[in-house]
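Taken together, the values in this text are just the output of simple stated rules run on the coordinates, not laboratory data. Owing to the predicted nature of the structure, the values given are computational and were not obtained by experimental measurement. Every residue, glycine as well, gets a Cβ built from its backbone with ideal geometry; the counts of neighbours run over all protein chains shown.
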Amino acid sequence: MKVLEGIKVVDLSRVLAGPYCAQLLADFGADVIKIESPEGDENRRWPPMSPDGQSANFGSVNRGKRSLVLNLKNDGARAVLKDLAAKADVLIHSFLPDTAARLGISLEDLRAANPRLVVCTISGYGALGPLAEKRGYDLMVQAFGGAMSTTGIVDGPPIRCGVSFIDMSTGISCYGGVVTALLAREKTGLGTWVRGSLLETAVSLLGYHAVAWMQADVLPLPQGSGSWHLVPYQAFRCADGFMLAGAPNDGAWRRFCEALEWPELAADPRFAGNVARVEQRDTLIPMLEARFGQKPVAYWVERFEAGSVACSPLHTVDQVMTHPQVIANELRVQAAGADGTMQDLVGTPFKLAEGGGTAATAAPILGANTDAILTDTLGLPPGRIAELRASGAFSMG
């Protein structure tokens with residue numbers, strides 16, 4: 001039995017953050033009903049497409065769910081949504097407050113009808129403050145939330161992180177919030193409001209950068225692949241590619257120099273201590289780059305690993321997803337697609353010794369489970385379903 005088995009989730013969210021939160025709930029056993037408009041979640045149409053014609057983007061955050069199409073402009077469809085919410089344990093949405101109120105799923109409406117319901121809302125810039133109504137996107141919040149000011153190189157253009165880390169981290173954060181709220185419900189008998197946003201995630205991920213400014217008035221500068229407060233700690237070009245290596249303390253610095261076959265560098269007084277190395281960055285880094293460039297990546301990685309020095313080759317995604325360490329930790333998993341073929345997907349970022357695992361089914365075809373959900377979850381008879389269909393509740397009319 002998975003730990004969230006028996007938990008019913010209504011997922012009204014779109015794109016990445018909310019759907020990823022709901023996917024994690026499904027992975028750990030929850031029954032997740034994904035409600036979409038007749039056009040479907042917009043990322044169903046984003047390339048590239050998998051062999052069965054579905055978006056890989058959509059498939060990455062929607063496994064284990066059942067799909068219900070509702071045209072929420074239709075009175076009957078809104079009534080179905082309210083009935084589902086009344087029977088659910090969790091409801092997730094990313095609507096702006098005015099839109100939620102028009103749909104009849106304001107926080108007040110939902111909790112009045114179902115006091116045990118955990119409502120998770122995900123916004124761009126937070127539920128409070130002057131930007132509460134502003135729509136948010138990962139790229140824009142990378143800029144607004146400060147992360148982009150730390151990437152790239154000094155005096156260079158802004159650089160986006162290549163993964164949608166704010167969206168995905170918001171999904172993980174909201175998963176934690178939802179599970180915390182469910183645990184609290186065991187004590188109080190009542191649900192609560194879990195609010196998450198891209199901005200709150202982005203600012204929390206600033207971590208020591210934010211604290212360094214608040215406590216020491218230090219602003220981080222973009223340092224390419226490195227770190228402004230540690231030297232050496234970055235990528236170095238070798239004879240045939242890049243590797244990353246670092247020495248966060250003096251013991252590691254000595255081992256770093258030994259791995260480079262340059263023990264006398266460790267004794268150089270100019271570079272004694274991390275503070276000195278930071279101050280002498282412009283002198284030291286070119287010296288190290290020249291040394292790394294003399295040998296291929298594999299040569300240096302072998303020496304650095306043997307010397308217990310922090311290092312890594314620069315992997316591409318294909319190299320990561322075929323690495324035995326990734327495979328061993330169940331980060332590449334399979335789930336059954338609608339046509340019965342197995343699809344490769346990314347596993348969960350944490351594991352439980354018992355009750356964990358990955359949902360058995362891949363992302364659903366749009367509307368594939370509409371009739372089944374109305375029948376087994378709401379108990380609607382075939383005649384009522386036919387009436388709803390005729391009224392345009394499941395289509396554009």
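When DSSP beta bridges are restricted to pairs lying wholly in the chain, around 40% turn out antiparallel. Rounded to two decimals, the Cα radius of gyration of region 319-373 over 2.2 N^0.38 Å is 1.36. The magnitude of the dipole of the chain, with charges of +1 and -1 set on the Cβ of Lys/Arg and Asp/Glu and taken from the Cα centre, is near 680 debye.
Would you kindly calculate the translational diffusion coefficient of region 190-244, applying Stokes-Einstein with the Kirkwood radius from alpha carbon pairs, for 4 °C and a viscosity of 1.567 mPa s, and quote it in µm² s⁻¹ without decimals? Each step should come with its number before you reach the end.
Values: Rh = 14.4 Å.
Answer from the Stokes-Einstein relation: 90 µm²/s.
Which whole-number percent gives the relative contact order of the chain, counting Cα pairs below 8 Å spaced six or more residues apart?
On the way: 706 pairs, mean separation 78.1, N = 397.
With pairs under 8 Å counted, the relative contact order is 20 percent.
Would you work out the relative contact order for region 306-377, in percent, from Cα pairs under 8 angstrom that are 6 or more residues apart? About 22 percent, as a whole number. Shape summary of region 240-288, radius of gyration then Dmax from alpha carbon positions: 10.5, 32 Å.
In what sequence do His323, His93 fall when counting other Cβ within 10 Å, fewest first?
Details: His323 14, His93 23.
Ascending number of Cβ neighbours within 10 Å: His323, His93.
Using only alpha carbons, region 263-391 has a radius of gyration to Kirkwood radius ratio (Rg to Rh) of 1.32. Taking the Cα centre of region 292-397 as origin and assigning +1 to Lys and Arg Cβ atoms and -1 to Asp and Glu Cβ atoms, the resulting dipole is close to 220 debye. Name the shape class, rounded, prolate or oblate, that the alpha-carbon gyration tensor gives for region 1-74, where a ≥ b ≥ c are the square roots of its eigenvalues, rounded holds for a/c under 1.5, and otherwise prolate holds if a/b is larger than b/c and oblate otherwise. Note, shape of region 1-74 comes out oblate. Just want the answer: with Cβ charges of +1 for Lys and Arg and -1 for Asp and Glu, which residue in Val301, Cys257, Gly189 is farthest toward the dipole's positive end in the chain? Working it through, the farthest residue towards the positive pole turns out to be Gly189.
Compute the projected area of the convex hull of the Cα atoms of region 142-246, averaged over all viewing directions, and report it in nm² to one decimal place.
Numbers: hull surface 38.2 nm².
The orientation-averaged projected area of the Cα hull of region 142-246 comes to 9.6 nm².
Among residues other than Ala362 with Cβ under 11 Å from its Cβ, the summed charge is -1 (Lys and Arg +1, Asp and Glu -1).
GNM on the chain, alpha-carbon springs under 10 angstrom: the most fluctuating residue among Gly136, Gly196, Gly379 is Gly379. Of interest is the spacing of the C-alpha centroids, which for region 100-121 and region 160-187 amounts to 19 Å. For the chain, modelled as a Gaussian network with Cα springs under 10 Å, which listed residue fluctuates most, Leu72, Leu128, Leu260? Evaluated over the chain, the most mobile residue of the options is Leu128.
Taking R0 as 56 Å, what FRET efficiency do you get between Asp250 and Val317 from their Cβ-Cβ distance, rounded to the nearest 0.05? If you can, show how the numbers build up before the last one.
Working: r = 35 Å, r/R0 = 0.63.
Taking R0 as 56 Å, the efficiency between Asp250 and Val317 is 0.95.
Calculate the dipole size of region 116-239 relative to its Cα centre from +1 charges on Lys and Arg beta carbons and -1 charges on Asp and Glu beta carbons; express the result in debye to the nearest 20. It would help to have the intermediate numbers written out before the result.
Values: 8 positive and 7 negative charges, 70 e Å.
The calculated dipole for region 116-239 is roughly 340 debye.
Counting only DSSP H runs of at least 4 residues, each contributing -39500 (n - 2.57), and dividing by the residue count of the chain, the helix-based mean residue ellipticity at 222 nm comes to -11000 deg cm²/dmol.
Across the options Gln280, Leu345, Ala100, the greatest Cα extent toward the positive end of the charge dipole of the chain (unit charges at beta carbon of Lys, Arg, Asp, Glu) belongs to Ala100.
Of the residues Thr316, Val61, Leu72, the one whose Cα sits farthest toward the positive end of the charge dipole of the chain, with +1 on the Cβ of Lys and Arg and -1 on the Cβ of Asp and Glu, is Leu72. Note on the chain: with a GNM built from Cα contacts shorter than 10 Å, the maximum mean-square fluctuation among Arg384, Arg116, Arg185 falls on Arg384. Cβ distances below 4.7 Å define possible disulfide partners, and in the chain the cysteines left without one are Cys120, Cys161, Cys238, Cys257, Cys311. Taking the inverse of the mean 1/r over every pair of distinct Cα atoms in region 30-136 gives a Kirkwood hydrodynamic radius of 15.3 Å. With the largest listed first and rounded to whole Å, the semi-axes of the equivalent ellipsoid of the chain from the Cα gyration tensor are 48, 24, 18. Rounded to the nearest 5, the antiparallel percentage of DSSP beta bridges internal to region 3-151 is 5%.
Strictly over 25 Å apart at the Cα level, which of Lys65/Lys351; Lys87/Lys351; Lys34/Lys187; Lys2/Lys34 would you flag in this model? Numbers along the way, then the final one.
On the way: Lys65/Lys351 20 Å; Lys87/Lys351 29 Å; Lys34/Lys187 28 Å; Lys2/Lys34 20 Å.
In this structure, Lys87/Lys351; Lys34/Lys187 lie more than 25 Å apart at Cα.
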